[in-house]
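Notes follow once the structure below has been shown.
The values are calculated or read from the model by the stated rules, or taken from the named source; none is laboratory data. None of these values were measured; they are calculated from a predicted model. Neighbour counts run over all protein chains shown; Cβ positions are idealised from the backbone, glycine included. Accessible surface areas use protein heavy atoms only, side chains included; no ligands, DNA or RNA. Shrake-Rupley method; radii C 1.70, N 1.55, O 1.52, S 1.80 Å.
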Amino acid sequence: MTGLLATAGWQVWGKAAGGSGSGQVPRAFSPWQMATLERACAASLEDADAAVVTARELDAHFATTGAEVAPDFALALAVMEFGHAGRRFSRLSLDEAAETLDAWARSKVGVRRQIAKALRDAARFTWFGREETWAALDYDGPWIR
Amino acid sequence: MSNPRSGRFEDVVIGSGAGGAVIAARLAEAGRSVVLLEEGPRVGRADFNQREGAMYSLLYRDAGGQATADGAISVMQGRCLGGSTTINMGDVVPMETAVLQHWRHHFGWSDWGGITDDDVHRAAQRAKTDIGASRITDAEVNTNNGLLRDGAKKLGIAGQPLEHNRTGCVGSGYCLIGCAYDAKKGTHLSYVPRFEAAGGEVWCDARVDRVEHGAAGVVVSGVAVRVEAERVFVCAGTIHTPGILERSGLGGGQVGRNLSLQPQGPVLAVFPHKVDLHRGIPQSFGVDGPLEVSVERGLGGFTIEGVAGGPAMTASLVPLPMRELKPLLGLYRQSAAALCLVPDRPSGRVVWSKGRPKIHYAPTAEYTARLREALKMGARCYLEAGASAVRIPVVHGKEIRSEKDIASIDDLPLRSCDLSMISAHPQGTCRMGPDGAVGMDFKLKGTDNVYVCDASLFPTTSSTHTMVPVMTMAHLLAGQLGA
């Protein structure tokens, strides 16, 4: 589990950020991993629609620039999906997933805190790097258009 | 993938940051044939689009995600032409004489080939001149840093504008993701052009995996690159220099040890008016905490400096549930931020596994105690300047609205991953000295033609900001080699 935050998944798809959704988009994760990732993004952002877009960008990142650390991130997703009593993480409601992620962030278990931080940081960096989120922050944006 | 490149030179330098670019320029200007290898891309102002996502990917190691093995501390490092000097805050802070004396007395630097403290001072001055260093004027201190200054002044705490290496700064605020106006004079705009003008070759996208050495010279090889040379200068930084050496079977058991990260902890504040921390020079004023510099202890205490991040960095820095974070983000333009820079003692190690570094680091209890004091002072400064609320971005953190609330910082758990922490000044791992991996002649012990020149050399933390100390070492090495 070491080196997990190195997988923190900064949005790195660069100019392609936002993605076209075409068949050419590279993929790093399997369908169940994507389901976990989407739920983790939803829990981090408390927004299911934003989670879909964010998870897709992270998937593309880990398939390309972040390929070296994709196995670590996949391990984090597996622990998140299966690492607690009850249902799989991807099957929790948005509220339940957010509560679970927050509980992990506060956990006495270091690995849980590490996973919660990595997933949350990745989701938030990716989502708030997107231009459509800036108006809500009153961020006036780059000088270079 | 780059086309395979190979060649024979007199010298090969690995890394184009504060160490590599300086030694490369000095060697080339002395008439040597030199190739400078940079793992990252060749970048310039046209590439810097001021978007965090794209720029962290383009310019940073692991797209900004390099971190300690426990995930607690982001270890920021440039991976592009100019290395970290392309993406740093541009702070110019030479090492103090007392730090050097600390190393002379406690780490065997007393006999340093005749290099005196004055020589070190002159080398630092030379570096400062080369990168256009100057003191930030009062008028250039942005609102965020000005609030920190004003609060400190009301509390009777000293401080001053920092020195920096910008000329013609337009105040866009995007220093951390590449200056699109060529104001900040990182090595990509200072030493690398000099190097190329002197006939040196720069090969970017050239990752080095191994160094082999023998009496006849060295062979440096990696992804689509192979160079034969008389000498090699390994300047890949505190985290990756030991990796190259370990992969090459060089340096012995001391390589990778004695890591300092000098982690920085943030303080956030909200004001009833606009601050626009993302505009102007992001790190322009330093509040003097009880920064201690002594021959006995080296560098200790702490200092507090303004800082800025774009929306993405800011949002990822605060580990609160979204329902608590969202109202804070809505006040982005009324927000202020500072980093508490707390020098540490070496307490970490870098090891290499499956081609990647694992950065093992645990802050000491003594460090954490000083960090708490720094966080409290930062909170006091912002409250005194009129902040309506202050937040330490920690999982269990509550709003701080009064001096009474500040005491709660003593109770914050500050376990691994509780607080968002950043390291921009990793040091150590290839310590220079009688007990270290590198001799006082900068040569890796057991070799005659493998030199190390970056922050990995420092026995303890050299300064609060390492760019100029590393450049200083490179100038001293060049002097030793007659360049």
The long-range amide H neighbours of residue B:18, using H built 1.01 Å from N in the peptide plane and a cut-off of under 5 Å, are B:84, B:85
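Could you tell me the relative contact order of region B:1-114? Use alpha-carbon pairs under 8 Å, at least six residues apart, and round to a whole percent.
The value is 21 percent.
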Result for the protein assembly as shown: accessible area per residue, probe 1.4 angstrom, in square angstrom, of 34 Å²
Given a Förster distance of 51 Å, the FRET efficiency implied by the Cβ-Cβ spacing of residue B:411 and residue B:212, rounded to the nearest 0.05, works out to 0.40
Computed ³J(HN,Hα) along region A:109-122: with the Karplus parameters 6.51/-1.76/1.60, θ = phi - 60°, integer Hz and x for glycine or proline, the list is 8, x, 5, 5, 4, 5, 5, 4, 5, 4, 5, 5, 4, 4
Relative contact order in percent for chain B (Cα pairs under 8 Å, 6+ apart) equals 25 percent
Between residue B:115 and residue B:47, the two model label points (7 Å from Cα along the beta-carbon direction) sit apart by a distance in nm of 3.0 nm
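When the accessible area of region B:394-483 is split by element with a 1.4 Å probe, what percent falls to carbon and sulfur?
49 percent
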Between residue B:292 and residue B:247, the two model label points (7 Å from Cα along the beta-carbon direction) sit apart by a distance in nm of 4.1 nm
Rounded to the nearest whole number, the per residue volume of the convex hull around the C-alpha atoms of region B:109-232 in Å³ is 215 Å³
Restricting to lysines and to Cα separations under 22 Å from residue A:117, and discarding same-chain partners fewer than 8 apart, the set is A:108, B:326, B:358, B:398
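Rounded, prolate or oblate: which fits region B:318-373 when a ≥ b ≥ c are the square roots of the eigenvalues of the alpha-carbon gyration tensor, with rounded for a/c under 1.5 and prolate only if a/b beats b/c? Walk me through the intermediate numbers first.
On the way: a/c = 3.04, a/b = 1.64, b/c = 1.85.
Oblate, since a/c reaches 1.5 and b/c is not below a/b.
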Beyond 19 Å (Cα-Cα) in this structure, taken from B:128/B:445; B:376/B:404; B:128/B:184, we find B:128/B:445
If one compares the long axis through the Cα atoms of helix B:97-106 with the longest principal axis of the Cα atoms of chain B, the angle in degrees, nearest 10, works out at 60 degrees
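Among A:48-60, B:259-271, A:76-88, A:27-39, what's the highest-first ranking by average C-beta atoms within 10 angstrom per residue?
B:259-271, A:48-60, A:27-39, A:76-88
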With +1 on the Cβ of every Lys and Arg and -1 on the Cβ of every Asp and Glu, the dipole magnitude of region A:75-145 about its Cα centre, in debye rounded to the nearest 20, is 460 debye
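For the protein assembly as shown, what does -39500 (n - 2.57) per DSSP helix run (n ≥ 4), summed and divided by total residues, give at 222 nm, in deg cm²/dmol to the nearest 500?
Rounded to the nearest 500, the figure is -10000 deg cm²/dmol.
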Carbon/sulfur accessible area of region B:191-331, % of total, 1.4 Å probe, equals 53 percent
Once normalised by the length of region B:188-269, the mean sequence separation of its alpha carbon contacts under 8 Å that are 6 or more apart gives a contact order in percent of 19 percent
For peptide B:326-334, the mean count of other chain Cβ atoms within 10 Å per residue Cβ is 3
Checked chain B with the C-alpha gyration tensor, a ≥ b ≥ c its square-rooted eigenvalues, rounded below a/c of 1.5, otherwise prolate if a/b is larger than b/c and oblate if not; verdict prolate
Computed over chain B: longest principal axis from alpha-carbon atoms vs helix B:365-384 long axis, angle to nearest 10 degrees, is 50 degrees
For peptide A:105-117, the mean count of other chain Cβ atoms within 10 Å per residue Cβ is 5
For the protein assembly as shown, the convex hull over Cα atoms projects on average to an area in nm² of 25.5 nm²
Heads up, region B:1-132 by the C-alpha gyration tensor (a ≥ b ≥ c square roots of eigenvalues; a/c under 1.5 rounded, else a/b over b/c prolate, else oblate) looks oblate
Residues other than residue A:35 with Cβ under 15 Å of its Cβ, Lys/Arg counted +1 and Asp/Glu -1, net out at +2
For region B:39-173, the accessible surface attributable to carbon and sulfur atoms (probe 1.4 angstrom, ligands and nucleic acids excluded) amounts in percent to 47 percent
For region B:140-155, Karplus-derived ³J(HN,Hα) couplings (6.51, -1.76, 1.60; θ = phi - 60°; whole Hz; x for glycine and proline) come out as 8, 5, 6, 4, 4, 5, x, 5, 4, 4, 5, x, 4, 4, 4, 8
Quick P(r) readout (region B:149-192; Cα-Cα; 5 Å bins; whole %) gives 5, 19, 21, 15, 11, 13, 10, 5, 1
Listed by chain and number, the residues whose amide H is under 5 Å from that of residue B:225, excluding neighbours fewer than 5 places away on the same chain and using placed H, are B:5
Mean per-residue count of partner chain Cβ within 10 Å for B:395-403 equals 1
